[in-house]
Structures are given as C-alpha cells and as structure tokens.
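Data block below; observations after.
The values are calculated or read from the model by the stated rules, or taken from the named source; none is laboratory data. Quick caveat: nothing in here was measured; it's all calculated off a predicted structure. Methodologically, a virtual Cβ is constructed for each residue, glycine included, from the backbone with ideal geometry; neighbour enumeration extends over all protein chains shown. Areas reflect the complete protein model, heavy atoms only, side chains present, ligands, DNA and RNA absent. Shrake-Rupley method; radii C 1.70, N 1.55, O 1.52, S 1.80 Å.
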Amino acid sequence: MSNLKDVQPLADFNWEEFENGGTPNASKEDLQKAYDETLNKVSEHQVVDGKVISVDKKEVVVNIGYKSDGIIPASEFRYNPELKAGDIVEVYVESQEDGKGQLVLSHKKARLSKSWERVNAALDNDEVIQGYIKCRTKGGMIVDVFGIEAFLPGSQIDVHPIRDYDIFVGKTMEFKIVKINQEFRNVVVSHKALIEAELEAQKKEIISKLEKGQILEGVVKNITSYGVFVDLGGVDGLIHITDLSWGRVSDPHEVVALDDKINVVILDFDDEKKRIALGLKQLTPHPWDALDSELKVGDHVKGKVVVMADYGAFVEIAPGVEGLIHVSEMSWSQHLRSAQEFLHVGDDVEAVVLTLDRDERKMSLGIKQLKEDPWETIEVKYPVGSKHTAKVRNFTNFGIFVELEEGVDGLIHISDLSWTKKVKHPSEFTHQGDEIDVVVLEIDKENRRLSLGHKQLEDNPWDTYATLYTPGSVHTGKIAELMDKGAVITLNEGGEGFATPKHLVKEDGSQAQLGEELPFMVIEFVKETKRIILSHSRTFEEVKEETKPAARKKAKKEQAPVINNVTAGTSLGDIDVLASLKAKMEKGE
C-alpha cells in the first residue's frame, strides 16, 4: 500500500484522449501524421477496389480506405443480386468530396472503363458471365453485361420457344458471349448456348434408345395447323394432325394445349433419327373395333356432318367412325347437283346404312331412303292421261325436261308442245323455271321416264281444219313470215299455211309483202303432216278462167259473120239442112 502512495499522477496526462481510445500523450502533429498515413492516397477519376460495408434496396456503402465511405445507388448492382457486405467491387472515384463533404463513387463507370476488354476476353475464353435483363426490344431483349448493353435474341433465351418475353425482364441470368462487332461495338449474348451442350448429351441418349412402338412421356412444345411438336426431353417429335384422334380434327388445339404432359407412341423415324413421327390416337383402341356388332345394312343411324365435298358428305356416327352419303343418295332426283345443296358441315342427320365393310372400315349411307321412292307407285299418282303442273328444268333440241316433284322427271317432246305452232326450239315456247301444264302420255317405270304432252290439253284443231280447209276453198290470211322459198300465212280461222313465191304474185303483178292480209285459196291439205298449201294468185286467176268462155260465146252470137245468109255460129248440122232446103227450092223453080 505504501508503494501506491508513492505513485504520483502525471501532470500532463490527457484524460480526454484516453477516454476516447486515443494515445494520451501523443502530440497533435504526431497524431495527424499517423492518421494521414492510415488513409489511401486517393486520386479523382481513377478506378480502385472497394469493400462493401452494407447493402440495402436503395444504396450500397463502399469503403476504399479513405477518410469517408462512398455511397453508390443499388441500381448499379442490379446485374448482381447476390451482392453482400464484405464483397470487393470496383469503383470509379468521381470526386473526393461533394458539396456535403461526401466521397462520390460510381460502380457503373468502373465497369465501363474495362468492359470492352472483359467482353472480348469472355468471348475468347468461352467464359460464362452474368447479365441483367433490362427490357424488351424488337426480336429479343437488352442485357446489361459489364455495363454494356448487349442484345439477347429471342431464339437464344431458351431451347423452347418463348411465348412471354416480359417474364424475363428484371432477371439476372448467366450468358455466353457469342458475337462481337468490333466496329460498331455490338455484343450478342446467349443463354440457350449454356444448356444446349447438356441437352445434346441427353438427346443422344434418348435417340440411341428409340424404338418403333415405344411409349414415351413428352411435353407439348408447339402447336401448328398441321400437328403438334412434343419435347421428349431434348429431342422433338411431331404428332401429325391425323394421328391426334381417331375422329376428324380441324384444329389441334381441340385435343391438346401448350405445356401439356402427354404420353405418345413412336410411329416412325428416319435413319438419322432427326425426324420422329409420334402418335396419340394409337394409344386407344380403334373406334371401328368397338362399333356395335349388331349394326347391319338397312339400319338407321344418327350422326353429324364433318366434311363436305361436291360428291357427298362424310357423317361421323361415332368418334372415328364415318360413313359417306353420296350425292346420288341424298335425293330421288336424277338431276346432277352438288351435295352442298342438301347438307352442311355441323348438320345433325339421320341416315340409312347402305353398305358396311368392317374389314376395310368403310360405310356408305343414304338419306333419300328415309322417304318413299316415288317411282314405286308412279302409276298411281301419275296415271296415263292425268293432268299435272310441272316445273321447266332444262331444254334440249328435241324437247323440254320438266320436274313433277323431287325425283319424278318427264320429257315433253317438241312435237307435243303445240297442235298448230311450228316450234323450232323449245326455248321459244317457255322459259327455264316456269311452270307448265302437262298430260301423262306414257310411263317407262323400268327406266324411270315419263313421256308428257302439252298440246294434248286441248282438242286437235286439225280435225276441224280438215272440214274447213278443203282444196279450192278460199280463206283470208295474213303473211306472218317471209322467206326466199315462200311465206308462212296465218289463217283467220286458225292454223298456218304456206305459199311459194309464184303464188304470192298479186293481180297487178306485184309481190305480196310481210304483214299483208289477202285472200288465199287452199291448193293442198294433208292432216297427217299438218300441211296446208295456199295460193293468192289462184284466187283471181280462177275467176278469169271461169268468165272467159262465157264472154266468147256471147261475142260469137253477137258478131258471127254471115255466109250465104248463115251466121258463122251456125252448126254443121244446120248447114246441111239449109243446103238441102236450098236445093229443093232451086229444083222447084
């Protein structure tokens, strides 16, 4: 204790410095010197390494051994989301002190100062680097690599087609630099290149084990109008649209969706196994095998029209089981028509089974059989002599085809159109689509033909004409048609006659003209051929012939010369009597 009493306090001990952890008795100059020596000699506008002190959402605090720490915006470290305290980073010294006395640093500028050398080195060394995807652009993405904006093509993001680019914005991913344009300082990066090598190894393994008939699990990678691409784990195969379902598929989306996991069977592949044909429907039994064994010809079935063609309609009566309704089995009509006039895709129909071949998996159907064949009882509804109204379908040179009802057609021969009018072509008589009254003349049931007439609706006027137009009779007629060979004359009592040019000469020597109405004499009448030959000239020539003999007799009586007191008109008998009388008289004298 006595020793303690002998210890005397230092008169110049700096208690305040001691309490602050400093060196109590060091001089201020020494302390300033020591402090300056502990700090780095920092120059502005240079790149130095710094230590991350702290990291938060807004800023990163970095110490570079200077008297104060620098603060850098956290956005400059977006490419490195794993940044943490203690990491060493490059920084660019902007200023030793700003207006607030703060050390100003930039990590972005530090990266940029050496970025071009780094990207070239990364390309040369096939190095895997990190980059931050900043935004979308046409055809791909913009990636921050060492502070440089590099281009990431859409095809290089992944081995699978990318449907939503936006989900990659803001992500930090690993890349390989695949191309650099030194002149324009453009950089192209790829993420796909990192995983292709691994996938190629998987692909070779899968391909080496491929066998026809093998069932594999895959993921729907892409859907096109002609089929579905399936990823089998690094190797793609195609399910053609016809192999998706036993039934008809108009759009593959009806069967599968993107990213679906499905089982498929290998149908075929080429020698190099680059093209792999897959099947989905083959995993289920064929619908024809499950078709009702009791189904037979003559049965009625129901289904939906799935495909239309000019020649017929395909009707699906069960998934994968179709029958063809040929256009000829849609209607009893014999007219050539298109199947689209009767049915349309999506129509629900009932049909009759006409043929059934289970081995060939073919079936033909008919819908006209649901109605009674009108020709079965044709003689009942359309007996010979019955009158009906028909629709004009089309013309030929020899007649008119008409339709009495669907499936019942008939022909009106050109000679049966009119009793009196000479028809050169049926189109002169009526028009297509018009209605015309007819009489059934003859039935040919075996060949499904009806002979029809139109003129038979009226009595035959030629029976009357035979008594009216007797040869030598005179009738008034009008010249309706004038030709080189003669003229057609319409007679006022009905019917038509014909006169040759020499019989058209009028009394004054002129030729009769079109439209003139004149008297005509019947020269010839033939009922069987409906022939009436007329003459205008005869009407006045006959009168002359009849009047000339009477005139000559009168003239002889009035002007006969007197010969020996006997007129020239005296007969030979009279002359003999007179001569005898004269001789007696002379003798008596």
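Within the span defined as region 90-105, every residue fails to be free of Cβ contacts under 8 Å to residues at least 40 places away in the same chain, closer than 25 Å to residue 198 by Cβ and open to solvent by 60 Å² or more (accessible area, probe 1.4 Å). Take the conditions more than 20 Å from residue 158 (Cβ to Cβ) and of a type in the set (Phe, Trp, Tyr) and apply them to residue 269. Does it pass? Yes. Residues satisfying the criterion are present in region 248-255 (criterion: without any contact (Cβ under 8 Å) to a residue 60 or more places away in the chain, open to solvent by less than 50 Å² (accessible area, probe 1.4 Å) and under 26 Å from residue 158 (Cα atoms)). If residue 111 meets every condition in (1) surrounded by fewer than 18 Cβ atoms within 10 Å (Cβ to Cβ); (2) among the charged types (D, E, K, R); (3) at pLDDT below 85 apart from one, which number is that one? Only one criterion in (1) surrounded by fewer than 18 Cβ atoms within 10 Å (Cβ to Cβ); (2) among the charged types (D, E, K, R); (3) at pLDDT below 85 is unmet by residue 111, namely (1). Across region 269-286, the number of residues qualifying as at pLDDT below 85 and part of a helix (DSSP H, G or I) comes to 0. Taking the criterion of being in a loop (DSSP other than H, G, I, E, B) and closer than 13 Å to residue 541 by Cβ, the residues of region 497-516 that qualify are 506, 507, 509. Contact map, region 166-191: first residue within 20 Å of residue 125 (Cβ to Cβ), second residue in a strand (DSSP E or B) and among the polar types (S, T, N, Q), Cβ cut-off under 7 Å, separation 6 or more or different chains; pairs are 174/130; 175/190; 176/190; 178/190.
Residues checked against (1) polar (S, T, N, Q); (2) touching a helix residue (DSSP H, G or I) at 6+ places or on another chain (Cβ under 7 Å):
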{"site": "313", "(1), (2)": "no, yes"}
{"site": "317", "(1), (2)": "no, no"}
{"site": "324", "(1), (2)": "no, no"}
{"site": "333", "(1), (2)": "yes, no"}
{"site": "339", "(1), (2)": "no, yes"}
{"site": "342", "(1), (2)": "no, no"}
{"site": "355", "(1), (2)": "yes, no"}
{"site": "359", "(1), (2)": "no, no"}
{"site": "364", "(1), (2)": "yes, no"}
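Reported count of residues in region 359-389, each being modelled with pLDDT of 90 or more and touching an Asp or Glu at 6+ places or on another chain (Cβ under 6 Å), is 1. Of all residues in region 120-133, exactly one satisfies the criterion of being under 22 Å from residue 169 (Cβ atoms) and either surrounded by fewer than 16 Cβ atoms within 10 Å (Cβ to Cβ) or modelled with pLDDT under 85 (or both), namely 128. Considering region 69-89, the residues that are open to solvent by 30 Å² or more (accessible area, probe 1.4 Å) and in contact with a Gly (Cβ under 9 Å, 6 or more places away or on another chain) include one that is modelled with the highest pLDDT, namely 88. The residues in region 320-331 that are closer than 22 Å to residue 245 by Cα and not in a strand (DSSP E or B) can be counted, and the count is 1. Within region 444-496, the set of residues being closer than 15 Å to residue 514 by Cβ, of a type outside the set (A, V, I, L, M, F, W, C), open to solvent by 40 Å² or more (accessible area, probe 1.4 Å) and in a loop (DSSP other than H, G, I, E, B) comprises 484, 485.
Candidates are the residues of region 537-562 that are assigned to a helix (DSSP H, G or I) and of a type in the set (Val, Ile, Thr); the one that is modelled with the highest pLDDT is 539.
Inside region 176-222, residues that are open to solvent by less than 30 Å² (accessible area, probe 1.4 Å) and under 20 Å from residue 264 (Cα atoms) make up a count of 3.
Restricting attention to region 223-236 and to residues that are part of a strand (DSSP E or B) and at pLDDT below 90, the residue that is surrounded by the most Cβ atoms within 10 Å (Cβ to Cβ) turns out to be 236. Taken over region 134-175, the residue count meeting the criterion of being closer than 17 Å to residue 117 by Cα, open to solvent by 20 Å² or more (accessible area, probe 1.4 Å) and part of a strand (DSSP E or B) is 3.
Going through 266, 317, 239, 262 one at a time, which residue ends up being open to solvent by 20 Å² or more (accessible area, probe 1.4 Å), in a strand (DSSP E or B) and either aromatic (Phe, Trp, Tyr) or under 22 Å from residue 217 (Cα atoms) (or both)?
Numbers: 266 fails: open to solvent by 20 Å² or more (accessible area, probe 1.4 Å); 317 fails: either aromatic (Phe, Trp, Tyr) or under 22 Å from residue 217 (Cα atoms) (or both); 239 fails: open to solvent by 20 Å² or more (accessible area, probe 1.4 Å).
Only one candidate qualifies: 262.
Scanning region 320-348 for residues that are touching a residue at least 40 places away in the same chain (Cβ under 8 Å) and open to solvent by less than 20 Å² (accessible area, probe 1.4 Å), we see that the one that is farthest from residue 407 (Cα to Cα) is 320.
Within region 527-536, the set of residues being open to solvent by 20 Å² or more (accessible area, probe 1.4 Å) and either hydroxyl-bearing (Ser, Thr, Tyr) or at pLDDT 90 or above (or both) comprises 529, 533. Every listed requirement among (1) under 15 Å from residue 131 (Cα atoms); (2) out of contact with any Phe, Trp or Tyr (no Cβ under 8 Å at 6 or more places or on another chain); (3) among the polar types (S, T, N, Q) is met by residue 190 save one, (2).
Only one of the listed residues (460, 447) is within 45 Å of the chain's Cα centre (by Cα) and modelled with pLDDT under 85. That residue is 447.
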